[in-house]
Amino acid sequence: MTADTISPAANSQLRVLGWVALALRIILAGLFVLAGGLKLLDPAAFAAEINRYQLIPWWSCALLALLLPWLEICVGIALFTRWFSRGALTWVTALLIVFSLALLSAMLRGLSIDCGCFGRMWQSTGTFWPLLRNLALLGITVLLWWNPRPH
Amino acid sequence: MKTGGQVSVIFFAALALAGLTAAVHPKKPSFPDRFPAPGEISLQDVQNWNEPVLWVDARPESDYEIEHVPGAVSLNPDNWSEQLPHFLDGWRPAQRVVVYCSAASCETSREIADRLRHSGVDPVYYLKGGWEAWRTTR
């Protein structure tokens, strides 16, 4: 069934949903570009933030501190422009799951650390609220998977 | 392009840009282990950590009261029992601790570092050259 064959009311609903999906996509893209850009200002400081999670050795913290910001920026641009849309959504889903697991692990181990999600711009955020935010973003991502190309 | 291909394109684009960043960024992370095993550490290394450190002043309290590293906590063999709970209140798990005593010749910083480790504080370092090393660089 296409938009031409459905009732005007349903078509109107689809349009609204399309616009909502578009807005959510832009918000998600903006957050990823912002997060990546802020981390890129000081990759050495970001590596130290990753190291505080005590999950991986230092050399991989340094590697991730260089790679993650660009991955977030590329994903954000891809989401915004809709180039490689499914690939970007796959990365967003994977990154948000990994970030959430890292935050959960820090919470369970009682680590008193900052999220490090936005470099050093927003510190003292702890781990609880960033975890909730990530879960909300995961919810948005699920909606976008359902409707990756809004009308 | 299939999803797997798109995922790969995004990854390799980010990898290429990360390589460029590693080559030119003035604040790129250093790959050799920046945090050596707990033990003696130089002031230069501590300053290169680029993160907050909890300083412990292991000198007598009279010396501490005259002057100490900003933010340092006084913890020495004489006040150990009464000050340790205060120290633990201010220490965040995984926060790096650096203990110093008067000079290179004193052993108190090493002793306090050992005591802290046995109390579950980790990682703990002791400053090479002690207070003298700090003072001469100020």
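Cross-link partners of B:Lys28 among lysines, defined as those whose alpha carbon lies under 18 angstrom from its own and excluding same-chain residues fewer than eight positions apart: A:Lys39.
At a Cβ-Cβ separation cutoff of 4.7 angstrom, cysteine residues of chain A with no neighbouring cysteine are A:Cys61, A:Cys74. Go ahead and collect, in residue order, the members of the stretch B:45-79 whose backbone nitrogen is under 13 Å from a label point 7 Å along the Cα-Cβ direction of B:Thr137. Label zone hits: B:45-51, B:53, B:69-70. Computed from Cα atoms, the angle from the helix A:85-108 axis to the main principal axis of chain A rounds to 40 degrees.
Name the residue, out of A:Gly119, A:Gly30, A:Gly87, whose mean-square fluctuation peaks in a Gaussian network model built on chain A with Cα pairs under 10 Å. Maximum among the listed residues: A:Gly87.
Anisotropy class assigned to the protein assembly as shown is prolate, per the alpha carbon gyration tensor with a/c at or over the 1.5 cut-off and a/b larger than b/c. Net length available on complete extension from B:Val9 to B:Leu84 is 21.6 nm, with 0.36 nm assigned per residue and the Cα-Cα distance removed. Each Lys and Arg adds +1 at its Cβ and each Asp and Glu adds -1 at its Cβ; summed about the Cα centre, the stretch B:42-138 shows a dipole of about 340 debye.
Among the chymotrypsin sites (Phe, Trp or Tyr not before Pro) in the stretch A:23-106, those located in a DSSP loop and surrounded by at most 16 other Cβ atoms within 10 Å of their own Cβ are A:Trp83.
In chain A, the DSSP-assigned H stretches of four residues or longer account for a calculated mean residue ellipticity at 222 nm of -25500 deg cm²/dmol, using -39500 (n - 2.57) per stretch and the full residue count as denominator.
Pick out the long, greasy-scoring helices in chain B: whole DSSP H runs spanning 18 Å or more along their own axis by Cα, mean Kyte-Doolittle at least 1.0. Result, helices passing both filters: B:3-24. Against the main long axis of the alpha-carbon atoms of chain A, helix A:58-81 sits at an angle near 20°. Among B:Ser62, B:Ser42, B:Ser74, determine the one that fluctuates most according to a GNM of chain B built with springs between C-alpha atoms less than 10 Å apart. Largest GNM mean-square fluctuation: B:Ser62. Loop-resident trypsin sites (Lys or Arg not before Pro) (DSSP state other than H, G, I, E or B) in the stretch B:1-82 with no more than 16 further Cβ atoms inside 10 Å of their Cβ: B:Lys2, B:Lys27.
For chain A, the longest principal axis of the alpha carbon atoms and the long axis of helix A:128-146 meet at an angle near 30°.
Read-outs: derived from the displayed coordinates by stated rules, not from any lab. All figures in this text were calculated on a predicted structure; none of them were measured in a lab. FYI the Cβ positions are ideal-geometry reconstructions off the backbone, even for glycines, and counts take in every protein chain you see.
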